[in-house]
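Below: the structure, in structure tokens.
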Amino acid sequence: MDISHIITGAQSADNHTREAAEAQLLQWCDSDASQVFTSLASVALHHQTSLQSRQFALLSLRKLITMYWSPGFESYRSTSNVDLNVKEFIREALLKLCLNANENTKIKNGASYCIVQISAVDFPDQWPQLLTVIYNAISQQHSLNAMSLLNEIYDDVVSEEMFFEGGIGLETVEIIFKVLTIETSNLVAKIAALKLFKACLSQMSSHDKHDDESRNNFINQCLSTSLQRLGQLLTLDLVNEDVISQSKFRSIIYENLVFIKNNFSKKHFPKEYQVQFKLVAIKDLKNIAFMDVNGGPTENENFIETVQTCSVYIVEFLTTVCAIPFTIEEMKMIIQSLTALCRVDSDTTQLWIGDFNYFVSKETGLAASYNVRDQVSEFFTSLSDPNLSLMFDIVAQDIEQNISNHQTLESLLYLLQCILLNDDEITSQNIIQSSQSLIENLRNELLSSEINKLTLARLILIIPKFLDKFIDVLPDIKSLTSSFLKTSLDLALKYHQELVDSAVLIAFTYYCYFAELNSVLGPEACTEVQEKIIQIINEISNDAEEDTNGTIMEVLNEVISCNTKGPHHNEEVLQAEFHLVFTISSKDPANVQVVVQSQECLEKLLDNITMENYMSYIELCLLSFINVLEANRPNNYKYTPSLSLVLEFITVFLKKKPSNGFLPSEINQHLFEPLAKVLVYSTEDETLQLATEAFSYLIFNTDTQVMESRLMDIMKVLERLLSLEVSDSAAMNVGSLVVTIFTRFSGDIQPLVERILQAVVIRLVKAQNISTQQNLFSVLCFLTCNDPKQTVDFLCSFQIDNMDALSLVMPKWMESFEVVRGERRIKENIIALIKLFLLDDARLHKLMVNGDLIPYDGDLIITRSMAKKMPDKYVQVPLYTKIIKLFVSELGFQNKQPNPEQLITTDITKDAANNDNDNDDDADDDADDDDWEDVDDVLDYEKLKDYIGDDVDGGEEDDSEDITGLMDVKESVVQILVGFFKEIASKDVSNFHRIYESLSDNERKVLSETLL
């Protein structure tokens, strides 16, 4: 066959011709892969052939290598093998193309890709000379192509064992250091070598202190030498090199330094080195800041990007060493440099003024870009005292001195904003005077008629951060907060400039973070603020996009939180809020932040609402909800953002009904059929999840008498959701629906209960989705809490796949409990399992479930892929033992959670104890005679029982209110478990003494410490 003819055909614009040529190539390869590979490689090597054909030949090789080269590839066809001598020819041809400095870049890249593919299966056994050829090209010619190729091989091929034990790491590092130190290698070669060194560092960072001594010695020596080499490189005289190359060179040096500092032990980067590199970095930062302002062709995008990147890495390195003290001069130099680097250029200013959405994305941290401003923020928020306070003083002084230079002022205000974001306290000597002076300067500048819009926006953003930071220092903070907030709002409404408007909205969320506005402003003034915020939202909402919509919804959420109750309640504000929730969310229903925030807004608006207002709200949107549902009926309710949003809103309305009474019958009349149709016809997982939740609330919150006539339709929906034709994910909320039906129609569905429960259990046993399992277990919790014996009897009464349901459900319940989250779900599971334990049933005693994982103890080294194929093995333990172990584990977890009230009580107790100790030195002597023992050791069962017995006998037992079903449980998880353990320990329920003796020392200690 003619390879040239096939290549021409395969590049034809005609589909039939192209497909026929591709099929012909595969057919030829199936019969003689060696000839095809030789022909394609020959085309790629032939410089007189068109570039397009040569590139196609390499692309074809790239695809065919995985099919015909080695069984090591998953897509290997085994129809025709490539001969060994042909493989040798292909490898040499590809290396020749890749390492040729004069070769076309596309050809080099194509050859490089093929080399990496082949090396993944051939190196080192079938291709031992690969790295030798590459190393020679690097050491003798300083080949950039060779270093780039080696970098790719490191990414995809070189393992830890190859790197360390195979000697590849040592040889690569030696060659890199040679290129970096030899005078004949140019700056471009050094940059390529430093990039390759980053790959080596990445390999070395995977080690840990438990590695063998040879690895640790290699890393110690390598890192020590690398710090010396990198330090020498930073002192090189590069005056003859262009600015872009200089910046790239320094960027990769600092990138490597940051990697070493962040990914290796402190001992590998001694403090003396940190100090030396810090001094060089500050100098480099000054140079590049001056370069950015004065030295470069600012119209050159490559120049600007390179300088920005270099600045980021230098500041990132300074961030890693910011714990080291800085001198005042060093700090001034850093601030001066950062002020220059953080100036907003004219293009960005015009972009933000022209489209405020870009400004909002950047200020809210949602922009995809990362520039020097972002890294500067990281630097300042990482500082600690005294560096932080000294930096604040310098920036404050610079602001006073540059109050009329608006471009510089905006940059300095940004630096101040970054400092204010630091959680540490600023402890300057004259902090009261300096903070008052600075806030006064900010006030004057805020009111200046000459201020530009960007600086005004920055001022509006920084003032609430400043007030928050110095809330305990500034006098009359309430008055200041009220004054600045009102001034900012008035300025926004005065200028009608979207950049300023958006800054005010973001700033409003900052005010809400630290101030309770109802209290600070008073009800009437707070309502005025709400009205102005709503007015600003209306002004910019039409032009808002993506991130801005989410920010507006966040602002609206805060506005709603400020709603007043009682006589100052403003109906117009409520109506405006309600309207904005729906208009903004419907504009961008695919925006996750918008959806989440809009749900929160609606829930807040419906809190403690009267039935009259509830009906007026729902009447405004009910018809549009139904229209959206009906519009999606022709496509069987396939997922759309608007359908999902509407189902979320319907759920909120049905869940947040007024507390007095049921949902009005009109709502059931309008919504029942549309929701039922969604549940009967939709095949979309998310749609079914949301619709099931809404349907459950509709049933639960509607008068049973109104809903009785719909019972058959409800059962039809339930039957579909419990059937295995609906996916696990789609059925995620069906358990809640079952509980709702049992709660509302217990008498009407009595003949169907057993059939429903069997379907629930089968669905549960088959379910793989964790959330679906937990939701279905709510049904079993409900049943068990009401009648544990009947629940066990039922599970023993039928089989699934020739096994009784009890032996299938209980192991799954134990697994589910270990990952269950949410206080209510945890409580309902604990209470149900307590009921089963107290039942002391012989059938439950016999059940064995998974205990601890049995670690692998064979001689094989288990890789990740092998581990995935090997099933986990567990120790088998009795069900009741597992329940106790789970409860002890939960008790240990709960006890580790901080309790604010307990912390306060503890502090008060300590203070009181200290006072008592001061007043009565004999108190400790009396305490020493106390007959209680310290519970520092593990107690045996009899000692535990004695202690608990004393405690139980001395207290009052109150069994008048047993915890049953899914009622609201007031006790905490710890209280429930402690009460349970005290009961079973004192009465030895279900042979608890045997279970206790089988627990580990750590488990028994958790119990002892908690109970006593």
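Points worth noting:
- All conditions in (1) surrounded by fewer than 15 Cβ atoms within 10 Å (Cβ to Cβ); (2) touching a residue at least 60 places away in the same chain (Cβ under 8 Å) hold for LEU187, with the sole exception of (1).
- Qualifying helices (runs of 4 or more DSSP H) (wholly inside segment 385-476; at least 1 residues being buried (at least 19 other Cβ atoms within 10 Å of the Cβ), among the β-branched types (Val, Ile, Thr) and at pLDDT 95 or above): 387-401, 406-420, 453-469
- Filtered by the rule that a residue be of a type in the set (S, T, N, Q) and part of a loop (DSSP other than H, G, I, E, B), segment 166-217 gives THR184, SER185, ASN186, SER205, SER206.
- Set LEU130, LEU150: member being farther than 30 Å from SER247 by Cβ, of a type in the set (A, V, I, L, M), outside the structural domain of LEU84 (by TED's automatic domain parsing) and crowded, with 19+ Cβ neighbours inside 10 Å: LEU130
- Selection within segment 5-31 - over 21 Å from TYR68 (Cα atoms), out of contact with any helix residue (DSSP H, G or I) (no Cβ under 7 Å at 6 or more places or on another chain) and part of a helix (DSSP H, G or I): HIS5, THR8, ASN15, HIS16
- Candidates are the residues of segment 817-826 that are part of a helix (DSSP H, G or I) and touching a Leu at 6+ places or on another chain (Cβ under 9 Å); the one that is surrounded by the fewest Cβ atoms within 10 Å (Cβ to Cβ) is ARG824.
- Failed item in (1) of a type outside the set (Gly, Ala, Ser); (2) touching a Leu at 6+ places or on another chain (Cβ under 8 Å); (3) without any contact (Cβ under 8 Å) to a residue 12 or more places away in the chain, with HIS46 passing the rest: (2)
- Top-ranked residue in segment 974-997 [being small (Gly, Ala, Ser) and touching a Lys or Arg at 6+ places or on another chain (Cβ under 9 Å); ranked as surrounded by the most Cβ atoms within 10 Å (Cβ to Cβ)]: ALA985
- The set of residues in segment 629-686 that are over 23 Å from THR772 (Cβ atoms), surrounded by fewer than 20 Cβ atoms within 10 Å (Cβ to Cβ) and of a type in the set (A, V, I, L, M) contains only ALA631.
- Segment 559-570, subset assigned to a helix (DSSP H, G or I) and farther than 13 Å from LEU605 by Cβ, residue modelled with the highest pLDDT: GLY566
- Residues that are of a type in the set (Gly, Ala, Ser) and free of Cβ contacts under 8 Å to residues at least 40 places away in the same chain, drawn from segment 341-366: SER346, GLY354, GLY365
- Filtered residues of segment 61-90 (kept if touching a residue at least 40 places away in the same chain (Cβ under 8 Å), in a helix (DSSP H, G or I) and closer than 13 Å to CYS29 by Cβ): LEU61, ILE65, THR66, VAL86
- Unique match (being under 20 Å from PHE379 (Cβ atoms), over 33 Å from the mean Cα position of the chain (by Cα), surrounded by 17 or more Cβ atoms within 10 Å (Cβ to Cβ) and not aliphatic (A, V, I, L, M)) among PHE303, PHE249, PHE326: PHE326
- The test for being touching a residue at least 40 places away in the same chain (Cβ under 8 Å) and surrounded by fewer than 19 Cβ atoms within 10 Å (Cβ to Cβ) holds for ASP607.
- Whichever residue in segment 583-631 is in a loop (DSSP other than H, G, I, E, B) and not small (Gly, Ala, Ser) and, among such residues, is nearest to the chain's Cα centre (by Cα): ASN591
The values are calculated or read from the model by the stated rules, or taken from the named source; none is laboratory data. Quantities reported herein were computed from a predicted structural model and do not represent experimental measurements. A quick note on method: Cβ atoms are made from the backbone with ideal geometry, for glycine too, and the neighbour counts reach across all protein chains shown.
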